[in-house]
Protein chains: 4
Amino acid sequence: MPEYRFTFGLWTVGNPGRDPFGAPTREPVDPVDSVNKLAELGAWGISLHDEDLVPWGSSAAERDRIVARFKAALESTGLGVGMATTNLFGHPAFKDGAFTSNDRRVRRAAIGKAMRSIDLGAELGASLYVFWGGREGTEAGIAKDPRDALERYREAIDVLGDYVADQGYDMRFAIEPKPNEPRGDIFLPTVGHALHFISTLQRPDMVGVNPEVAHETMAGLSFQHGVGQALWAGKLFHIDLNGQRIGRYDQDFRFGAEDLKEAFLLVRLLERAGYEGPLHFDAHAYRNENADGVWDFAVGCMNTYRALAEKAAYFDSLPAVQEALAAASTNELAMSSVDGDSPETLKAESEALDELAARGYFNEALDQILVEVLLGVR
Amino acid sequence: MPEYRFTFGLWTVGNPGRDPFGAPTREPVDPVDSVNKLAELGAWGISLHDEDLVPWGSSAAERDRIVARFKAALESTGLGVGMATTNLFGHPAFKDGAFTSNDRRVRRAAIGKAMRSIDLGAELGASLYVFWGGREGTEAGIAKDPRDALERYREAIDVLGDYVADQGYDMRFAIEPKPNEPRGDIFLPTVGHALHFISTLQRPDMVGVNPEVAHETMAGLSFQHGVGQALWAGKLFHIDLNGQRIGRYDQDFRFGAEDLKEAFLLVRLLERAGYEGPLHFDAHAYRNENADGVWDFAVGCMNTYRALAEKAAYFDSLPAVQEALAAASTNELAMSSVDGDSPETLKAESEALDELAARGYFNEALDQILVEVLLGVR
Amino acid sequence: MPEYRFTFGLWTVGNPGRDPFGAPTREPVDPVDSVNKLAELGAWGISLHDEDLVPWGSSAAERDRIVARFKAALESTGLGVGMATTNLFGHPAFKDGAFTSNDRRVRRAAIGKAMRSIDLGAELGASLYVFWGGREGTEAGIAKDPRDALERYREAIDVLGDYVADQGYDMRFAIEPKPNEPRGDIFLPTVGHALHFISTLQRPDMVGVNPEVAHETMAGLSFQHGVGQALWAGKLFHIDLNGQRIGRYDQDFRFGAEDLKEAFLLVRLLERAGYEGPLHFDAHAYRNENADGVWDFAVGCMNTYRALAEKAAYFDSLPAVQEALAAASTNELAMSSVDGDSPETLKAESEALDELAARGYFNEALDQILVEVLLGVR
Amino acid sequence: MPEYRFTFGLWTVGNPGRDPFGAPTREPVDPVDSVNKLAELGAWGISLHDEDLVPWGSSAAERDRIVARFKAALESTGLGVGMATTNLFGHPAFKDGAFTSNDRRVRRAAIGKAMRSIDLGAELGASLYVFWGGREGTEAGIAKDPRDALERYREAIDVLGDYVADQGYDMRFAIEPKPNEPRGDIFLPTVGHALHFISTLQRPDMVGVNPEVAHETMAGLSFQHGVGQALWAGKLFHIDLNGQRIGRYDQDFRFGAEDLKEAFLLVRLLERAGYEGPLHFDAHAYRNENADGVWDFAVGCMNTYRALAEKAAYFDSLPAVQEALAAASTNELAMSSVDGDSPETLKAESEALDELAARGYFNEALDQILVEVLLGVR
């Protein structure tokens, strides 16, 4: 049993290296081969869209044959299914959205496709089902009233929540936000928007979020803070790990390939919070790699996570760190500010601002220790 | 009585033109002069931080004298107070945060200062109180556990909500999100994060959001979509209008000075939604202006809003627009997707994807009509 | 003869609507059909990559047949060829770069392919040949020394310049910069980098730039300023017009669909500078359009350019504008600052700073007039 | 004699912690104290603006006294002057620009102030003079024709180049680009634009660039690539080291505080290129620090540079790295692509694309080794 619940999407190690400007650079991969290789490399499990396993348009018999063969591979390797999800973005019918397409027939087809895919996820033992609404958005903002779109989005998740309950599936949902690409602007663009949306659902308790490093980072938001808000709300059901530079196309680089300090802060937060869900690498090898490079990529993701987790534990074990955190009053932030004090007391204390301004917060020293631990020179 | 509830912050028309690299270019403005001039130009009201009116360190007698003189100006001009707020960012004591400073004494002082400022707001007749947590964040992410910070933020808002209730003030709160600047990363970075945060408060009904064009735009998010989510949730209590380019320092340009199409979509959404709160220009004149340019700036903000509101009405009156919206199925998005249908029905309808892919959504034509209406050539 | 030299790439009106997350939404278009339709809509010409016309792997006979048929269509419609270029990004062999691939054989193949494509361009009468080095870059910065990459880039352009000269083609080159996508970072990321690179070539006079709205805007740079620097240097040989939001994937929206004020400033600059090259719409219809929407898109691009050009002329004809420009001292910037003055004179004049600080620059009023002209309300 | 030529600006360790939203958090520092402390910490030198040392408005006698005292401190500590520069951004007279102000009198005063400041630099022994044109730009693009602005910019640098030559100073110039802030858009926004601009000067040989991590990074450009282009052109005369996140206000964080991989690539490039100019930390302590934190900051900058330089040497010493670079064909990029081959040869080789597409470039493995070396786990 692996120490960490590392998972990879079938579409990640199977990514063929096609991009908007170029043809594929790698051959398609048999999902069973992916399962075998990932097991060999020490992953805990896989995740999948319906179409990653069962090509669109397969007959029922084909579908069953494919699923049986795949289940056999999972069983023989012991790999788990970290999550399942629906491809509601690839087919041209979803070009204006799936749950929020302006065409009601498309919305209904999308819900129907999700139900079928949920059945597949349940059959494969997935206890978590992810919704990434990549097509739920606009390029021409005039074409959709955002209030209508959110209402339809809510309706779809509520209908599917009922479906799961009616079927008796042991399954929770996680919503994956993204600000843009492939749409000009996507609804539920950040962890915050998704968390709020969940609070409006009929079954808020069964729904959490699936934040992705790349998606929050595209908008330049702190991933540590976004994940922190999700943890604070008890809503971190799943997480997508990868690498991304701010303000760019969706890069999905190897975990740790960009912004090592933020990656460290993330891993430290997850480990301290006792997060026990899958650590899902939703990323892919650089396009200039051939098949061999894919596995270099996969190993790299896992190695970097392990290295950062070890560093996080080491960091917190250092007396100099504990002293620096104390000098920064970091732990004092966990103490309540007010303890039944009267307004008069608090108003009077506001007189002390000039005096309170004198101290420093030791952030330079603390952050430099972090950098030196990260570099392994301390 | 002005047709629109346009308001300006005392700090906006009074902005002296100082920036990180340069000294002020304009003289301080007497708040009473601002009131008189804004009334003359047709504004509905003003807004203020405590220190915009009463300098920090004023004696009680000075404070009362200043407030009385200011109230007299409001009364003589008929101007209202759109909102009041606390300056919890200017004093060096807040350098590590106010409600989320690591120093508990600072947090208490911040709450006390906010109470005093709420008293001032109530005295001036403000029915809305804004919280912009500009210092609530980090440059060194290691220095604060984001879960602790959010807990302290919640505590502060809850304490202040109790205070307002205990005092019997007729006052609601609005939280103003911002992703960064002056901190490296600010907590509650977007409308979405703030909406979720509000759902965790003890008095969620009394708290809404105050989205700002510049703040969401800095992160490259669609302002129309963010405001749409706030309206959808019944939480648009106030709005800050200005201009900003994506991915830059906080510019606070004249409303409409940047991204006219998004400004049009915003105004159309506000007007269609029947938003009745203040239309607050939280912006300032370019630094290369002297005092005269400040009033050019203020007039420009109001003129552009009016022009866009007229254009929005005109746009929706055009038969070609109604046809284009119909061809885009825009109104169909307001219809529920599912109406008691069985899962089997919906699953079966998912077979129709290939057929559903054929149609187009007329977004090019629709958006081009919008551009031409915006340009006044149609 | 059209008033404006509007051109469209075969790949733009022929764009099938595929993106990184979804299958094509439109059928391939016969280039001859594009020629006929564009002529009908009033375009001046087309542009093309080698493979837009002649599929990779075509026999010599097929190639000649295709080219002859295409030339016939150009002749019958009177359409010109605004520019030709090489597809050095689609084939998987270019996954690590073309002129800067680490593999020397790929670099040689790329130069050979470009020579063949230049022959095609010459045969079709193109007097301008564009180089967009979309694959010339890295995701892993360690893999290429940027100095080596630039040296190879320079070598390739020099070799191809010699080739054109040796063949006696009447052809100039234009380099098209882009900051990223499809590579993590692309060499020659901006107009500035390309202009400098040109100054290092063996034949600097035959090489200019082809700035693209989307590419400079992705990096948040002012397109007006970038084009201005190219014009100032006499190097604006071609221009790519489209729409883009800052900090996003390459959107290639309809010209004018984003940032109308910057589009206005661009058109005004081009018209005032007497730019006579092609006005090339390197853009495509939104993916949720079918074939009809493509032509809505094409008409929209041209209509918006025309409308902005008319507005630019009207703007400059207004007495209020001339007064505002005078109040802003805009024309004074065209006067030399120093006229043989001694250092002592200039040093002495620096004493006057305090006095010089008093004036304002009337930028708010001037910019607001621009907004109102743009909105057609003035 | 320090191993590295580390320098700090007087304004960096003397930064008082004021920002657009808050008052200073630290006291002013006596420049002589900065000199003494930096010498103690192991810096090689300092850099300065005229006004960092001599307050604007000082009498000639005061100026001479201040300069003499400062020179004495430099001599007693042995610290050098890495560069000198003019403050052409702080005084309100420069609100519309200095060399490109629309007001000719301001332009002349700016040139005069620069001459005086050049005299000061020469007196202090600075052999490099930096021009950062922070105010040379616009918020309202309509207010300046960019061609006029560049012409005035060129005139100013040419006049000042003449002045230096006439005075017989042994001094070179370096231009420091920045995309925006404090202006909406700044002329010469990137290293590329500045390199091109230099090629248009009357004395191009005496002028190079001073790239800054934060400035290129604000626009999301690769700093390694920008510095690489400057080195390739022989124009890296000076460099500003700090930390910055993409798409944000100018942060000027401690070197290495953000994006350690890019920092490593930069240091490796500088060391391999044999760059011998100053390593200038143009950064400042976080605002929540008091005076003590300033020196933590300064030490951190130097320690991180040293650690990265050691890592770069170690990285290149590893056999696994040499193998990975070979597998990536990295060194092959230094070989010329063409060696007198005929066009026919090259055209024929382009037939081999399909075959050339098979190989991978080993970038995942190579980059992962880099990450592991950076983390100190390899």
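The values are calculated or read from the model by the stated rules, or taken from the named source; none is laboratory data. All values derive from a computational prediction rather than experimental measurement. All Cβ positions, glycine included, derive from the backbone under ideal geometry; neighbour counts span all protein chains shown. Ligands, DNA and RNA are excluded from the accessible area calculation, which covers all protein heavy atoms including side chains. Shrake-Rupley method; radii C 1.70, N 1.55, O 1.52, S 1.80 Å.
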Kindly provide the set of residues from the stretch D:51-73 that are within 14 Å of chain C (Cβ to nearest Cβ) and either open to solvent by less than 20 Å² (accessible area, probe 1.4 Å) or outside any helix (DSSP H, G or I) (or both), ordered by number. D:Val54, D:Pro55, D:Trp56, D:Gly57, D:Ser58, D:Ser59
Restricting attention to the stretch B:131-189, and to residues there that are free of Cβ contacts under 8 Å to residues at least 40 places away in the same chain and under 16 Å from the mean Cα position of the chain (by Cα), which single residue is nearest to A:Leu236 (Cα to Cα)? B:Pro189
Can you tell me which of B:Arg183, B:Arg203 is farther than 25 Å from A:Asp148 by Cβ and crowded, with 21+ Cβ neighbours inside 10 Å? B:Arg183
Criterion first (part of a helix (DSSP H, G or I) and over 25 Å from C:Gly57 (Cα atoms)) does C:Ala110 satisfy it? no
Does the stretch C:1-35 hold any residues that are among the β-branched types (Val, Ile, Thr) and in a loop (DSSP other than H, G, I, E, B), and which are they? C:Thr25, C:Val29
Filtered residues of the stretch C:92-136 (kept if touching a His at 6+ places or on another chain (Cβ under 8 Å) and among the small types (Gly, Ala, Ser)): C:Ser117
Checking B:Leu260 against (1) touching a strand residue (DSSP E or B) at 6+ places or on another chain (Cβ under 8 Å); (2) more than 12 Å from chain A (Cβ to nearest Cβ), which single condition isn't satisfied? (1)
Inside the stretch C:280-378, counting only helices (runs of 4 or more DSSP H) that do not spill past its ends, which hold 1 or more residues that are among the hydroxyl-bearing types (Ser, Thr, Tyr) and modelled with pLDDT of 95 or more? C:291-317, C:343-349
Go through (1) over 18 Å from A:Glu310 (Cα atoms); (2) free of Cβ contacts under 8 Å to residues at least 60 places away in the same chain one by one and return the number of the condition A:Trp295 breaks. (2)
Residue pairs, Cβ under 8 Å, 6 or more apart or interchain, first in the stretch D:204-230 and acidic (Asp, Glu), second open to solvent by 10 Å² or more (accessible area, probe 1.4 Å). List them. D:Glu212/D:Glu176; D:Glu212/D:Asp282; D:Glu216/D:Ser222
Look at A:Gly17 and say whether it is of a type outside the set (Val, Ile, Thr) and at positive phi. yes
Check whether at least one residue in the stretch D:339-360 is out of contact with any strand residue (DSSP E or B) (no Cβ under 7 Å at 6 or more places or on another chain), at the interface with chain A (Cβ under 9 Å from one of its Cβ atoms) and open to solvent by less than 20 Å² (accessible area, probe 1.4 Å), and report yes or no. yes
Give me the residue from the stretch C:74-94 that is open to solvent by 10 Å² or more (accessible area, probe 1.4 Å) and assigned to a helix (DSSP H, G or I) and, out of that set, farthest from C:Ser34 (Cα to Cα). C:Pro92
Cβ contacts < 7 Å: first residue under 13 Å from D:Trp44 (Cα atoms), restricted to the stretch D:59-82; second residue open to solvent by 50 Å² or more (accessible area, probe 1.4 Å) and part of a helix (DSSP H, G or I), any location; separation 6+ or different chain. Result? D:Thr77/D:Asn36
Here the residues within the stretch A:121-136 that are more than 9 Å from every other protein chain (Cβ to nearest Cβ), under 26 Å from B:Asp367 (Cβ atoms) and of a type in the set (Gly, Ala, Ser) are A:Gly133
D:Leu333 in contact (Cβ under 8 Å) with a residue 60 or more places away in the chain and over 22 Å from the mean Cα position of the chain (by Cα): no
Residues of the stretch B:122-132 being open to solvent by less than 10 Å² (accessible area, probe 1.4 Å) and not in a strand (DSSP E or B), in sequence order, are B:Ala126
Counting only residues that are open to solvent by less than 20 Å² (accessible area, probe 1.4 Å), out of contact with any Leu (no Cβ under 8 Å at 6 or more places or on another chain), at the interface with chain A (Cβ under 7 Å from one of its Cβ atoms) and of a type in the set (A, V, I, L, M, F, W, C), the stretch D:366-378 contains a total of 0
Residue match in the stretch A:33-42 (condition: in contact (Cβ under 8 Å) with a residue 24 or more places away in the chain, open to solvent by 20 Å² or more (accessible area, probe 1.4 Å) and closer than 26 Å to A:Leu160 by Cβ): no
Any residue at all in the stretch C:293-313 that's touching a helix residue (DSSP H, G or I) at 6+ places or on another chain (Cβ under 8 Å), closer than 15 Å to C:Val371 by Cα, within 12 Å of chain B (Cβ to nearest Cβ) and open to solvent by 30 Å² or more (accessible area, probe 1.4 Å)? no
Any chance the stretch D:338-361 includes a residue that's touching a Leu at 6+ places or on another chain (Cβ under 8 Å) and closer than 19 Å to A:Val373 by Cβ? no
